[in-house]
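S.K.: Encoded as structure tokens, here's the structure I'll be asking about.
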Amino acid sequence: MMLSPVGAALALQLIGGLWLMLRSPRPSTFVGALLILLAYGTAGHSAQRGLITSVTVFLHVAAAAWWLGGLWTLTLAQRHMPSTFVEFVGRFSRQAIWIVLLLLSAALFTAALLLEFRLDLNSGYVRGLLAKAALTLALLALAGGNKLLLAPRLPTSQGAARWLQRSIRAELVLLGCVIAVTAWLTTWHSPNETIHSRQQLPAGPIEVIDAWAPEMPGGVGNGAGYMTLVNHQSVADRLTEATSPWAERVTLHDSTQADGISRMRGVVAVDVPAQGRAILAQGATHLMFTGLYAPFVAGDVVPIVLVFEKAGRVELSLTVRPLNGLAAHVH
């Protein structure tokens, strides 16, 4: 059985966490931390862009984890190992130059790929990235002050050590804010919010018009897809199957209303008459995504393959739209 991207991420985090718990404090605990970090590149929007963004996200998260862990180590060192505090600060400062360069390079490269090298200030995702960038600049300003002003005075000034400790605490608070913004950004926004508009595939044996899906509230594991199928063939055809890398299964369902109650049943196929059309719509026949690997967020572009008896495979993408008062077809 093949794990889904979300399943693989969960497995990496679980194994890594158990490794850390059972092997600590041995040097091999590094393996557990590595497994947990690898999980961040296996699921979500970044993973759907391919191997390159998976690697850059891993590098970005690893650099951020090093920064956070280093600051926490400095805080503990000043409290419990004051004799080696100056040495720790010097070592941290030397390593931080390269780690910060890696963090920023990976962040910029990942953002450019996710946004397809476009910057739209009307996008909530872009505004979130700018907020994250502003917090990061504040972090860099504090770090620069620590390295250039406070660290050189540590051997001769107790006051410098106190100010450095306060500055480190401020950095930890800012890092916490960056993590909070990142969590909000990756949960409620998509890098594709304004990149893709309604999609209409070029006419072929089967033409697909206005393929879309409603965004799903957080935590909902299922979704729905709607579109219009136009048959340009001189014979009738049938939609018999659908697949998508975003979900464990994509099936055909029919929704009916009886006594005010919505009832659904699976259907084997959708008939598309010759030189006619079939509409997959809310409250009627539609596609059902079961076991989503990531929730549908407005702006997402969901790849899908439709299989017809005569026309064969048709590849397309559904654009995820905000609810905006529409009733979400949640299963």
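The values are calculated or read from the model by the stated rules, or taken from the named source; none is laboratory data. These numbers were taken from a predicted model, which means no experiment stands behind them. In this analysis, Cβ positions are derived from the backbone assuming ideal geometry, glycine residues included, and neighbour counts consider all displayed protein chains.
S.K.: Can you name the number of the only condition in (1) surrounded by 14 or more Cβ atoms within 10 Å (Cβ to Cβ); (2) farther than 15 Å from LEU150 by Cα; (3) among the hydrophobic types (A, V, I, L, M, F, W, C) that LEU119 fails?
M.R.: So the condition that LEU119 fails would be (1).
S.K.: Check ASP259 against each of (1) acidic (Asp, Glu); (2) farther than 30 Å from LEU115 by Cα; (3) surrounded by fewer than 17 Cβ atoms within 10 Å (Cβ to Cβ); (4) at pLDDT 75 or above and name the one condition it does not meet.
M.R.: Single failed check for ASP259: (4).
S.K.: So, one more: Given the options PHE109, PHE92, PHE88, name the one that is within 25 Å of LEU59 (Cβ to Cβ) and in contact with a Gly (Cβ under 8 Å, 6 or more places away or on another chain).
M.R.: PHE92
S.K.: Looking at PHE85, is it in the same structural domain as GLN165 (by TED's automatic domain parsing), surrounded by 15 or more Cβ atoms within 10 Å (Cβ to Cβ) and modelled with pLDDT under 90? Even if it seems obvious, please write down each step before you answer.
M.R.: Working: in the same structural domain as GLN165 (by TED's automatic domain parsing): yes; surrounded by 15 or more Cβ atoms within 10 Å (Cβ to Cβ): yes; modelled with pLDDT under 90: yes.
Taking the combined requirement at face value, the residue satisfies it.
S.K.: Would you pick out the residues in the range 182-230 that are at pLDDT 65 or above and of a type in the set (D, E, K, R)?
M.R.: GLU207, ASP210, GLU215
S.K.: Only residues that are of a type in the set (Gly, Ala, Ser) and under 16 Å from VAL178 (Cα atoms): list them for the range 106-123, please. Can you show your working first?
M.R.: Keep residues of the range 106-123 that are of a type in the set (Gly, Ala, Ser), which gives 106-107, 111-112, 123.
Answer for the range 106-123, where residues must be of a type in the set (Gly, Ala, Ser) and under 16 Å from VAL178 (Cα atoms): ALA106, ALA107, ALA111.
S.K.: I want to confirm something. Restricting to the range 149-180 and keeping residues that are surrounded by fewer than 17 Cβ atoms within 10 Å (Cβ to Cβ) and β-branched (Val, Ile, Thr), which single residue is nearest to THR73 (Cα to Cα)?
M.R.: VAL173
S.K.: Out of the range 36-58, which residues are at pLDDT 90 or above and surrounded by fewer than 19 Cβ atoms within 10 Å (Cβ to Cβ)?
M.R.: The answer is VAL55, and nothing else.
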